[in-house]
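Report on one structure; see the data block that follows.
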Amino acid sequence: MAHIFIIAEAGVNHNGSIDIAMRLIDAAKASGADAVKFQTFRADLLATRSAHKAPYQERTTPNAESQFEMLQRLELDAATHQRLIDHCRQVGIQFLSSPFDAESADLLATMDVPLFKVPSGEITNLPFLQHLARKGRPLILSTGMSTLEEVKEAVNALEAAGVSKLTLLHCVTEYPAPYADVNLRAMQTLKSTFGLPVGYSDHTPGIEISIAAAALGAEVIEKHFTLDRSLPGPDHAASLEPAELRQMVAAIRHVEVALGTGIKSPAPCEVHNISVARKSIVAARALPAGHRLVTEDLDIKRPGNGLAPKLLPDLIGRTLREAVAKDELISWNHLA
């Protein structure tokens with residue numbers, strides 16, 4: 001049974017508060033997720049002071065606040081990162097973070113964060129991707145907003161730089177993402193094109209699309225979550241609350257188990273039902289010894305622990321060695 005790696009994406013839903021960040025870690029652990037992920041960036045390295053906010057950010061943050069000011073407010077410094085990493089170790093969940101610049105990646109590397117999750121916006125930033133690949137850690141690359149050709153360029157750049165292990169996540173970069181735009185089959189296109197592990201970074205409302213991605217073969221699922229969707233901030237409104245996150249993780253674990261081996265055979269739990277649900281050949285009426293069987297002498301009824309119905313043609317014309325009662329299962333011992 002393959003284990004689906006579930007990332008609970010706290011992102012910037014801490015609102016700059018270490019207390020909220022700690023509570024997000026606790027909620028992620030309680031949900032059963034494998035990892036909780038934050039975002040590591042320096043506002044002055046990520047955006048210019050004139051950079052516009054995305055429409056979804058304009059809807060969920062103060063109008064007068066620029067993207068740069070928003071990012072400054074949501075930065076986590078090195079000391080805060082270490083406190084969060086320590087708390088993750090204490091409660092028993094993997095700490096992850098998405099770096100948005102080379103210095104942030106270097107910081108995470110010095111803190112022994114075991115893999116890099118690369119946000120969709122960096123997929124065309126080939127120098128940055130190569131910088132990450134040279135760190136020698138596995139990479140999980142989101143592919144939101146990209147064409148297949150752009151994904152190829154990114155994969156080629158990463159492989160040329162010696163990436164140790166690469167997983168591709170299908171993603172739709174809108175918050176929330178409309179169901180009609182999800183195109184979940186594109187995840188399978190990534191799998192068939194590149195032969196790499198694939199997964200899904202989900203920005204849709206609710207949990208059903210993540211569950212569907214698991215059923216379609218996702219090896220990694222990432223989903224934003226928050227303590228409260230009504231909190232101010234760019235991503236809260238498109239995030240799950242803790243109870244929903246727990247429900248999603250439980251459902252994915254059910255799917256994970258249910259996918260099975262692919263070998264078509266009776267499941268252990270159904271073997272005892274075979275004789276109850278199937279049918280056998282029985283006598284349609286009381287028949288004497290020495291009687292030669294015709295079609296009208298036989299019927300097909302439950303239980304299924306006698307001769308199978310497919311053998312009916314083999315019995316026609318055979319002679320009974322002994323009498324049988326109505327509804328008695330016909331066996332080879334009855335036949336001369």
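The values are calculated or read from the model by the stated rules, or taken from the named source; none is laboratory data. Just so it is clear, the structure is predicted and the values come from calculations on it, not from any experiment. In this analysis, Cβ positions are derived from the backbone assuming ideal geometry, glycine residues included, and neighbour counts consider all displayed protein chains. Areas reflect the complete protein model, heavy atoms only, side chains present, ligands, DNA and RNA absent. Shrake-Rupley method; radii C 1.70, N 1.55, O 1.52, S 1.80 Å.
Against the empirical 2.2 N^0.38 Å scaling, what ratio does the C-alpha Rg of the range 270-324 come to?
Cα-based Rg divided by the globular estimate yields 1.20.
From largest to smallest, what semi-axes in whole angstrom does the range 25-78 give when each is the square root of 5 times an eigenvalue of its alpha carbon gyration tensor?
Those come to 27, 15, 9 Å.
Short version: ³J(HN,Hα) in whole Hz for each residue of the range 173-180, in order, from phi by Karplus 6.51 cos²θ - 1.76 cosθ + 1.60 (θ = phi - 60°), x for Gly and Pro, what are they?
My calculation for the range 173-180 gives 8, 8, 10, x, 7, x, 4, 5 Hz in order.
Using amide H atoms built in the peptide plane, which far-off residues or other-chain residues are under 5 Å from Ser97 H to H?
Phe38, Lys117
Choose one answer from Tyr175, Tyr56, Tyr200: the residue with the largest mean-square fluctuation in a GNM of the chain with alpha-carbon springs under 10 Å.
Looking only at Tyr175, Tyr56, Tyr200, the largest GNM fluctuation is found for Tyr56.
Using Cα pairs closer than 8 Å and at least 6 residues apart in sequence, work out the relative contact order for the chain, in percent.
Rounded, it is 16 percent for the chain.
Rounded to whole Å and ordered largest first, report the semi-axes of the equivalent ellipsoid of the range 94-159 derived from its Cα gyration tensor (root of 5λ).
20, 11, 10
How much accessible area per residue does the chain have, in Å², with a 1.4 Å probe?
48
Students often forget the sequence filter, so: which lysines lie under 22 Å Cα-Cα from Lys135 once same-chain residues fewer than 8 apart are removed?
Output for Lys135: Lys37, Lys117, Lys152, Lys165.
In the range 177-221, how does Rg compare with the Kirkwood Rh, expressed as the Rg/Rh ratio over alpha carbon atoms?
Result for the range 177-221 is an Rg/Rh of 0.95.
Towards the positive end of the charge dipole of the chain, with charges on Cβ (+1 Lys, Arg; -1 Asp, Glu), say which of Val249, Leu76, Pro127 has the farthest Cα.
My answer, from the dipole projection, is Val249.
Can you tell me which lysines have their Cα less than 28 Å from the Cα of Lys326? Leave out same-chain residues fewer than eight positions away.
Of all the lysines, those that pass the test against Lys326 - Cα under 28 Å, at least 8 places apart if same chain - are Lys279, Lys301, Lys310.
Hey, how much of the P(r) for the range 102-204 falls beyond 25 Å, as a percent of Cα pairs?
Summing the P(r) tail past 25 Å for the range 102-204 gives 17 percent.
Can you run phi through the Karplus equation (6.51, -1.76, 1.60; θ = phi - 60°) for the range 67-73 and list ³J(HN,Hα) in whole Hz, with x for Gly and Pro?
Calculated HN-Hα couplings, in order: 4, 4, 5, 4, 5, 4, 5 Hz.
From the phi angles alone, apply the Karplus equation (6.51, -1.76, 1.60; θ = phi - 60°) to the range 28-42 and give each ³J(HN,Hα) in whole Hz, x where the residue is Gly or Pro.
So the J values, rounded to whole Hz, are 5, 4, 5, 6, x, 5, 7, 8, 10, 10, 10, 10, 10, 7, 10.
Send over the per residue convex hull volume for the range 152-279, Cα only, as a whole number of Å³.
174
Counting only residues 5 or more places away or on other chains, whose amide H sits under 5 Å from the amide H of Val282 once H atoms are built in the peptide plane?
Asp299, Ile300, Lys301, Ile330
Out of the total accessible area of the chain (probe 1.4 Å, heavy atoms of protein only), what percent is carbon and sulfur?
53
Under a Cβ-Cβ cut-off of 13 Å, what is the net charge of the residues other than Glu256 that fall near it, where Lys and Arg count +1 and Asp and Glu count -1?
-1
Select from Phe194, Phe100, Phe41 the residue whose mean-square fluctuation is largest in a Gaussian network model of the chain (Cα-Cα springs shorter than 10 Å).
Between Phe194, Phe100, Phe41, it is Phe194 that shows the largest mean-square fluctuation.
Based on alpha-carbon positions alone, could you give the equivalent ellipsoid semi-axes of the chain from the gyration tensor, as √(5λ), descending, whole Å?
61, 21, 18
What Rg and what Dmax come out for the range 213-336 when only alpha-carbon atoms are used, in angstroms?
28.4, 89
Over the Cα atoms of the range 237-281, what radius of gyration and what Dmax do you get, in Å?
Taking only Cα atoms of the range 237-281, I get Rg and Dmax of 18.2, 63 Å.
Taking 0.36 nm per residue of sequence separation and subtracting the Cα-Cα distance, how much length would be gained by fully extending the chain between Glu328 and Glu153, in nm to one decimal?
55.9 nm
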